[in-house]
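Worksheet: one structure, shown below.
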Amino acid sequence: MNATATAATIPSRGGRHAAAPSGSPFTGTADLVRLALRRDRVRLSIWVAALTLTMVYAPNAIRLAYPGEAQRQARVDLLRTPAGIMLGGPMFGGDETDLGAMMANELMLTLIVAASILAILTVIRHTRAEEEGGAAELVLAAPVGRYARTTAALTVVGIANTTLAVAMTIAMAASGFAVRDTAAMCLGVTAVAGVFGAVAAVTAQLWRVARAATGAAMAALGLAALVRGVGDVVDNSGSILSWFSPIAWAQQMRSFVDLRWWPLALLILLTLALIALAGLLEVRRQYDDGTIASTGERPGAHPVRGVLHLHLVLQRGSMIGWSAGLFLSGLAFGSMTTSLRDAAADNELIARLLSAQGNDGIFTTMTQFLAAAACAFVTSAVLRVYADEESGLGEAVLAGAVSRWRWLLSAVAAAVLGAAVLMFFAGLGNGLGAGVTLGQPPTVPRLTLAALAYLPALAVLAGIAALAVAVRQTWIAWLAVTFVITALYLGALLRLPRWLIDLSPVGRTTAPTDVPVGSMAVMVAVAVTLALLAGWLYRRRDAA
């Protein structure tokens, strides 16, 4: 049953959400929580398991990477650079070579970002996305209070965060870390995730389209990470600017250094304030409406011309956000060039990682890292076709003079074009950072062009994602992204066989060390073959 038909069978509820017959605005919350947990049980379990296994793996990896005091001190010197502080965390001047302090400094930002992304996606999935797809109409046809859906989504996030905090604490404590500091670190991580879950609840009320609401919440997360990084660059222990970011509040709990609990209270208060704001916005808006008008509701908006243009418009917001993020990441990576070269002299792991690519190993490794991140963008851009098919939004396009073949292949083309924009800015940032650090201006165009050499590899990922859409198995695409990232980040550390690492298209691309024209041509052929096969399968199968 589509959204229009469903709406026709439901009595009018008035201009705003009406309260449930029982009079309670929270009626039905418990049932919605059980439903959401049932729907997300696999998804949430994978996220929690992955982050928990990170806490199991990380201590041994850090011990292996930095076995002695000299190597650990070299790491501290590296992470005291502006780029190191941006990518890691503040330094508090204590025992910075202590393994616990290293764990908190090196992992907290990564864990916070991952847990916050989970919270954002979960809240939007069970609030705005359900309204956009029409599923919420069926829910609201029952005796459900006006706040029940948002409360249920936030409750699910709270359950996931609690489970994650307990699991990560047990994992770290089992490795010999102090329980009190470990618990503080994990609670700080999940408390920030709770904040951004509440941010998502607010953006779900502001924007009518789920993608816009998700993008706004993700942008808030990115801004918080940037403000925290810049603030800590100003002062290694955290400046006044740092305190404008909730991410800094968790890091300022100073686990394993000088533990203090009061920043956790700030995170809880901010979460409660954002939840109250979301409730106020929800009661003041109409169902399936947003506080901020979308582009389609603006008479002066430019018309969409063609299928490819539509795909580009749909991914425009995420493309801008990803481009900005990769530019800043490239800038940070490039500025670490000298520090990495110095660290490689005393660290066998870093030396092995860089020497595998020749004299330009540092530039190649950095560019590969940036390309691996772009794989996630390419995959999500193509998988949007499947999401639109599931929600029924793709029906409006396919009902016209647009073949399913053209719809899917245009998505692949748009994803590759978007990847070109991403890699241009990633290479530009990398070149600027390295060029300024080394005093070599020609490095800027060289690394910018080198980043574009990774487009064939990204096209292969787009082809795999298209094939995943065609066979209705999106996990295939994300498995490919996971393999690329694992082979790149952990290949040297785990001493994976060379043939396995070479299966990664990003790993096979070694610009700027050299430009493997033969391998790139093969990748283009593979990408085209996968896309054509996906188009053929997609055209022949039934619609979802």
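The values are calculated or read from the model by the stated rules, or taken from the named source; none is laboratory data. The model shown is predicted, which means the values in this text are computed figures rather than measured ones. A quick note on method: Cβ atoms are made from the backbone with ideal geometry, for glycine too, and the neighbour counts reach across all protein chains shown. Heads up: the accessible areas ignore ligands, DNA and RNA and are worked out on the full protein's heavy atoms, side chains in. Shrake-Rupley method; radii C 1.70, N 1.55, O 1.52, S 1.80 Å.
Points to keep in mind about this one:
- Close pairs (6 angstrom Cβ cut-off, 6 or more residues apart or separate chains): over 16 Å from LEU35 (Cα atoms) and among the polar types (S, T, N, Q) in the stretch 113-137, assigned to a helix (DSSP H, G or I) and at pLDDT below 90 anywhere: SER116/LEU221
- Residue list for the stretch 422-464, restricted to those being small (Gly, Ala, Ser) and over 13 Å from LEU328 (Cα atoms): GLY435, GLY439, ALA450, ALA451, ALA453, ALA457, ALA459, ALA462, GLY463
- Qualifying residue in the stretch 248-265 (condition: at pLDDT below 90, under 26 Å from the mean Cα position of the chain (by Cα) and not charged (D, E, K, R)): yes
- Residue in the stretch 381-398 that is under 23 Å from VAL313 (Cβ atoms), outside any helix (DSSP H, G or I), open to solvent by 40 Å² or more (accessible area, probe 1.4 Å) and of a type in the set (A, V, I, L, M, F, W, C) present: yes
- Flag for LEU79 being out of contact with any His (no Cβ under 7 Å at 6 or more places or on another chain), crowded, with 17+ Cβ neighbours inside 10 Å and either at pLDDT 80 or above or more than 30 Å from VAL230 (Cα to Cα) (or both): no
- Residue check for ARG16: modelled with pLDDT under 80 and open to solvent by 50 Å² or more (accessible area, probe 1.4 Å): yes
- Test: ARG498 is over 15 Å from ALA480 (Cβ atoms) and of a type in the set (D, E, K, R): yes
- Looking only at the stretch 357-406, and only at residues there that are polar (S, T, N, Q) and modelled with pLDDT under 85, the one that is farthest from GLY325 (Cα to Cα): SER403
- Filter result for GLY330 (surrounded by 17 or more Cβ atoms within 10 Å (Cβ to Cβ), modelled with pLDDT of 85 or more, closer than 22 Å to MET423 by Cα and touching a helix residue (DSSP H, G or I) at 6+ places or on another chain (Cβ under 8 Å)): yes
- Pairs are defined by a Cβ separation below 6 Å, a sequence spacing of at least 6 or placement on different chains, a first member in the stretch 220-236 that is open to solvent by 30 Å² or more (accessible area, probe 1.4 Å), and a second member that is among the hydroxyl-bearing types (Ser, Thr, Tyr); the pairs so defined are VAL227/SER245.
- Matching residues in the stretch 192-243 - criterion: being closer than 30 Å to VAL257 by Cα, in a helix (DSSP H, G or I) and either acidic (Asp, Glu) or in contact with an Asp or Glu (Cβ under 6 Å, 6 or more places away or on another chain) (or both): ASP232, SER242
- Where PHE26 falls short, out of the listed (1) among the hydrophobic types (A, V, I, L, M, F, W, C); (2) over 25 Å from the mean Cα position of the chain (by Cα); (3) at pLDDT 85 or above; (4) surrounded by 15 or more Cβ atoms within 10 Å (Cβ to Cβ): (3)
- GLY400 falls short on exactly one of the conditions (1) farther than 24 Å from ARG305 by Cβ; (2) free of Cβ contacts under 8 Å to residues at least 24 places away in the same chain; (3) of a type outside the set (Phe, Trp, Tyr), and that condition is (1).
- Residue in the stretch 458-468 that is over 20 Å from VAL526 (Cα atoms) and in a helix (DSSP H, G or I) present: no
- Residue within the stretch 473-488 that is hydroxyl-bearing (Ser, Thr, Tyr), modelled with pLDDT of 85 or more and under 30 Å from GLU131 (Cα atoms) present: yes
- Looking only at residues in the stretch 489-519 that are under 21 Å from the mean Cα position of the chain (by Cα) and of a type in the set (A, V, I, L, M), the one that is modelled with the highest pLDDT is VAL506.
Listed here are the residues, each with its yes/no results for (1) small (Gly, Ala, Ser); (2) modelled with pLDDT of 75 or more; (3) part of a helix (DSSP H, G or I).
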site	(1), (2), (3)
LEU64	no, yes, yes
GLN73	no, yes, yes
MET86	no, no, yes
GLY93	yes, no, no
ALA115	yes, yes, yes
ALA129	yes, yes, yes
ALA136	yes, no, yes
VAL139	no, no, yes
THR151	no, yes, yes
